[in-house]
Amino acid sequence: MSNLANYDKSNQIEIAQLTIEKPALKSDNKQVLDITSLMDQFIIYEDLMQNSISARLIFRDQVNLVGTLPIVGGETITIKYRTPIYDEFITQKFIVGQVGERVISNDSSNIQMNQLMLCTPEVWWAVNNDMNSAYQGTYTEIITKLFNEIKTDKKILDSEDSLGINAYVAPSISVFKCIKFCAGRANTKSSSALFFWESIKGFHIKSLKAIYDTESAKTIYIEDRAISGINNDAEKVFNSVYSYEYLSSNNRVRQFEQAAFSDINIMVDLTNARIIKVNNTYENTIDKLGIKLGKFKLNDDGKSIRDKDDVYMPFRKDLSHLTQFTRDSNIELMDNLALLINIPGDSGLKVGDIVYMDIPSREGTEITTEKFSSGKWLVRSIKSLIGKTSYSQVCEIVKDSFEIEVRE
């Protein structure tokens with residue numbers, strides 16, 4: 001639930017708790033200290049391509065807390081915060097994995113600053129416990145069983161069903177490596193590959209098809225802040241970007257009309273504002289060995305079956321030979337068009353959300369919505385920068401298709 005009327009540029013974040021807990025053999029010997037007043041910045045990292053979130057705490061260490069407590073690793077950091085427009089608080093627990101180097105603050109106070117590199121309790125548990133068991137079921141069921149092996153405070157696992165019954169033996173490796181392997185082989189009804197990641201709202205195992213089919217979490221405006229009235233519009237103030245940039249490595253956009261096996265490749269050159277249509281030169285045929293890739297080797301990783309100049313990928317009962325195609329193409333298409341945006345902090349926004357981008361088009365003095373790039377974008381990563389009174393997010397958002405039909 002949110003109420004934008006409560007949003008104010010001078011009141012962007014509410015921190016209800018920031019504590020450090022020293023581990024102890026007995027619960028009644030626990031040391032819990034409130035370090036809210038020491039905090040300079042708390043940074044939380046989320047990424048669709050990572051198994052878990054991580055964080056970094058920068059604090060003013062006038063009392064030499066690192067040396068006197070002492071902080072040596074394994075301590076629990078708990079932060080509870082929200083954007084004032086929401087009723088719900090976000091509560092995250094982290095474990096100190098590394099104590100960073102002490103530095104001197106940039107201001108005139110010359111106060112000593114310390115950094116703590118933080119991981120989640122799930123990662124801390126996984127580092128110290130390898131999996132060595134056998135599992136059977138769909139890959140989604142196997143991943144759920146692996147997830148339930150983690151002995152920490154249980155987080156939500158938001159999952160999508162996969163096809164086929166499989167058997168998996170965990171060969172004495174980390175639970176997250178096991179989950180990553182199973183997610184990489186899973187196939188869904190939509191023939192879309194599964195991705196496993198953690199956001200501030202829990203863990204997820206979803207296909208890109210299921211993600212893109214969801215409603216937009218919010219609309220983000222790229223607005224000219226000189227436009228009259230924007231500073232008086234709470235929604236525009238909260239949902240407008242501070243700054244944005246197209247990532248330099250993605251100035252050409254590729255769109256496949258028929259996914260990975262298309263015979264027509266549309267190239268969109270954003271720099272020169274032109275569209276190029278190219279016919280692909282490869283053919284795909286199926287025979288008893290598998291899928292013949294021909295000259296265009298989509299999956300030539302040294303593990304395929306070779307026959308003279310042709311490359312074959314063998315069939316697998318769990319259909320993971322098809323999953324590799326869709327997974328590679330999904331990841332490749334995610335890089336078609338990418339934006340880096342800096343926005344006011346929103347504790348309700350998470351990695352894996354869909355946002356609707358309202359991108360302006362200026363024709364003379366008239367400002368309209370640009371139809372080509374505007375529309376649904378996927379939030380692939382978020383860096384949340386939490387200060388005592390300030391809160392902003394740097395988000396990488398990606399797009400693999402367009403709102404309007406592309407014509408030559």
Query raised in the report: Any idea of ARG362's accessible area? Nearest 10 Å², probe 1.4 Å.
Result: 130
Query raised in the report: Per the Cauchy relation, a quarter of the hull surface: what is the mean projected area of the convex hull of the alpha carbons in region 46-173, in nm²?
Result: 11.4
Requested in this report: With a 1.4 Å probe and all protein chains in place, put MET49, MET131 in order of accessible area, largest first.
Outcome: MET49, MET131
Report summary line: Among region 194-218, those whose backbone N falls under 19 Å of a label point 7 Å along Cα→Cβ from GLU332 are 194-195, 208-209
Requested in this report: Whenever you get a sec, compute what percent of the accessible area on region 343-391 sits on carbon and sulfur atoms (1.4 Å probe).
Outcome: 46
Query raised in the report: Within the set LYS155/LYS180; LYS236/LYS371; LYS22/LYS206; LYS189/LYS218; LYS22/LYS145; LYS154/LYS209, which residue pairs have Cα atoms separated by over 25 Å?
Result: LYS22/LYS206; LYS189/LYS218; LYS22/LYS145; LYS154/LYS209
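The values are calculated or read from the model by the stated rules, or taken from the named source; none is laboratory data. Not measured: the values here are computed from a predicted model. Quick reminder, even Gly has a Cβ in these numbers, built from the backbone with ideal geometry, and neighbours come from all protein chains shown. For accessibility, only protein heavy atoms count, side chains too; no ligands or nucleic acids. Shrake-Rupley method; radii C 1.70, N 1.55, O 1.52, S 1.80 Å.
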